[in-house]
Structure formats: structure tokens, C-alpha cells
Amino acid sequence: MLGSDVIGFTQQRLERVWSSRLSVPLRPASSGPLRHWQDQVRLAVKGAIAAVGAWALARYAIGQPDPYFAPLAALLGVYPTVARSLREGVQYVAGFLLGAALAIPVGVVLGPGIAGIAVVVIAGVLISGWDRLGDQSAQVTLTALFALLLGGHQPVSYVSHRLVDVGIGVATGLAVNVLLFPPLQLRPAEHAVRQWGDVIARALEDLGAVAADPGSGMRSWPRYDRQLTAAAEQARSSARHARESMRWNLRAKVERAVPQPDGTVLDSLEELTARTRAVARSVPDIGAADGAGPNLASFGQDYAVTLRNLAGPVRQLADLRSSLPRAALTAASDGQHQLEREAAQLPGHSDARSTTPNHPVRVWWA
């Protein structure tokens, strides 16, 4: 169920992780409602600056009449990450160019009638199936329809003016997003990783209580099992967003206040989650085993202590700002060795890794 390999595993991973960490201020991170609305306000202000700036540049600097495409395209440059803003901007321009290329010959030959509309819609939807266009695939059909209906039999003039608007808008949006507090998603990732470790630790503590008092049952375990799944998914997702937010981001080169997502920590927490579930499968065997008398009761108490001793190091593993918990690991290791000695004295014990009909309690993590 739980053996010296988990102590060694945890200690080796901790040493590897903390050896590469930067020294950062011990400030709590959060991804709660306050953080969410701070990000939304910042995004809204940047979007407004980008839209107004693009309109002003197109209207007054370039002299474009009614440059309504400029503020619309500018908003594509103000996504939560710089990398996504760049990707969406390029895809939007590609969709616009394909739609324009479709509308020009249809407008010249068929004009803005029933036949022309049918052709651009059918062809536009088919072209939109190109996966390289991503979320901006609909722009092919929309642009083609706008160019056909508003440009009529001479769509080239309409397309050329709107292309200038789109270029100004995308460039302005990207410039605002890159230069004005480019977003980093490190704090939400840090918070999610810490939450994952906390769920594992609380699950271990709860399993320790069951080991100490087998009669209490496993009523709370299904809730912890669901929380482990949700916490793991949230941490992995947040880490991916954090890594994406660092691409093409000028702040990523100078930001040192928040630690970056650590793949070693995530892999360690994944392994610890699996081992915690293995403990949950085996802990009920302590109550089911019979014939061991006081020895089994003592084993259960010490097993509970070992599980609780592991909760602290697990929390510190998931805290990207904490120091190496050598004292806590030493205590857990000492408890583990004591647990193995007791397990060897239990009836039916032949191998710490094996199970027997008389005593199905394993000491090792699966």
C-alpha cells in the first residue's frame, strides 16, 4: 500500500524540483473572482484602446471612409495571450483574403443577385472547412457576402478599402496587447497546482483517519476521488495556458515574481494521485483483516501517522514558492521504516509487496 519507494520518490522529485527554482517572494497567488475581474477589466480597457486607436488611425491618419472593419479587427489582437492574439489575427486576415478572392470574380460575373449569393455561400462554407483557419473560418463566407452585397459588380474597390481597415486593426490590436501589460497566466496556474496538491494532502489525511479507525468507513472518499480528477484537469489546463501566455511575450523575459509552471511537479502530482487512489483501495483491508489482534491496531495507528506525515511534503511539493521540506520528509521516512517493521510481524506476512488470504494489507503503494 505505502512503502519506502514513495518516500524516496517524493524526496527525489522534491530535490530535483527545488534545485531549479528561482527565489521568489512568498506572496499568495489566487485565481478567484477578484483575479478574474481584474483580468477582465484590464482586457476591456486594452480592447477599448485598441478599437479607438484603430478607428482613429484608419479614419484620420489614412483617410478611410467609415473604417468599421478596423475596430473589429483590432479586438482580435487583444486575446488573453499574445500568442493567441497573433494566431487569431493571422487567421482572420487569411479568412478575409480568401473571402475577398471569392467575392471578386463572383461579383464581376454574377453580381449581388440570388445566383451570386448562392455561389459565395456554398464556396465560402466549403473553404471554411480548412482547419488552418481555426476559429476565424467563418470570416471567409462573411467577407465574401459583405464584398458581394456592398461592392456589387465592382467589389475590388470595396475589398481594397476594407483590407486597409483590417490591416490597421490587426496591427493596432497586436501592438496594444504586446506593449501594454502583455498578459501572463502564471498566477492561475500556480494557484491550480497548489490546489491539486492540497486535495491530495487532504485525501491522505482522511485516509489516515480511516486507517486509525477502520470502523469510520470510506464515506468521504468518493468526494475526494472526484476532487482529484477535477484538480488534475484544472492544473494541467492552467499550466498549458500559462505556457502559451509566455510565447511572444516581452514580460516573460523579465517576470520573476511568479514561478513558471513546472512539468516535474505536475508529473509528480500525477503519480501521487495514482498512489493515493491505490491507498484508498487498500485501506479498507485493515478493518477487514482478522486474527492480528493488537498488532493490527498498532499497525493501523502508525500507518495513519505515516499518511499524515506525507501530507505536508505533498503540499510543499505543489507550492512553487516553498523551500525543500527535508525535516518533514525525514519524519515520513522514519515512520515508513517503522511501518515496514510492524508489517513484517503481522500474521500471514511473507513479502511486503504481496497479499495473503489471512492478511490482505499491503505496505507498498501500488
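Data for the structure
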item: Which listed residue is surrounded by fewer than 22 Cβ atoms within 10 Å (Cβ to Cβ), within 30 Å of Leu180 (Cα to Cα) and in contact with a helix residue (DSSP H, G or I) (Cβ under 6 Å, 6 or more places away or on another chain), from Gly89, Gly134, Gly95; result: Gly134
item: Conditions (1) surrounded by 19 or more Cβ atoms within 10 Å (Cβ to Cβ); (2) at pLDDT 90 or above: number failed by Val78; result: (2)
item: Selected residue [at negative phi, in the same structural domain as Pro105 (by TED's automatic domain parsing) and aliphatic (A, V, I, L, M)] from Ala212, Ala171, Ala189, Ala203; result: Ala171
item: The one condition in (1) surrounded by fewer than 17 Cβ atoms within 10 Å (Cβ to Cβ); (2) farther than 24 Å from Leu57 by Cβ; (3) over 36 Å from the mean Cα position of the chain (by Cα) that Ser160 fails to fulfil; result: (2)
item: Residue identified as surrounded by fewer than 16 Cβ atoms within 10 Å (Cβ to Cβ), β-branched (Val, Ile, Thr) and at pLDDT 90 or above among Val106, Val41, Val24, Val52; result: Val52
item: Which listed residue, of Val140, Val193, Val166, is touching a residue at least 60 places away in the same chain (Cβ under 8 Å), buried (at least 17 other Cβ atoms within 10 Å of the Cβ), farther than 26 Å from Gly63 by Cβ and of a type in the set (Val, Ile, Thr); result: Val193
item: Candidates Val199, Val156, filtered to the one that is in a helix (DSSP H, G or I) and touching a residue at least 40 places away in the same chain (Cβ under 8 Å); result: Val156
item: Residue match in the range 57-73 (condition: hydroxyl-bearing (Ser, Thr, Tyr), over 37 Å from the mean Cα position of the chain (by Cα) and assigned by TED's automatic domain parsing to the domain that holds Leu149); result: yes
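So that you can scan it fast, the table gives a plain yes or no per residue for (1) surrounded by fewer than 21 Cβ atoms within 10 Å (Cβ to Cβ); (2) assigned to a helix (DSSP H, G or I):
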residue: Asp225; (1), (2): yes, yes
residue: Ala231; (1), (2): no, yes
residue: Ser237; (1), (2): yes, yes
residue: Ala242; (1), (2): no, yes
residue: Ser245; (1), (2): no, yes
residue: Trp248; (1), (2): yes, no
residue: Thr264; (1), (2): yes, yes
residue: Asp267; (1), (2): yes, yes
residue: Ala274; (1), (2): yes, yes
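The values are calculated or read from the model by the stated rules, or taken from the named source; none is laboratory data. Just so it is clear, the structure is predicted and the values come from calculations on it, not from any experiment. Neighbour counts are summed over all protein chains in view; Cβ atoms, including those assigned to glycine, are modelled from backbone coordinates with ideal geometry.
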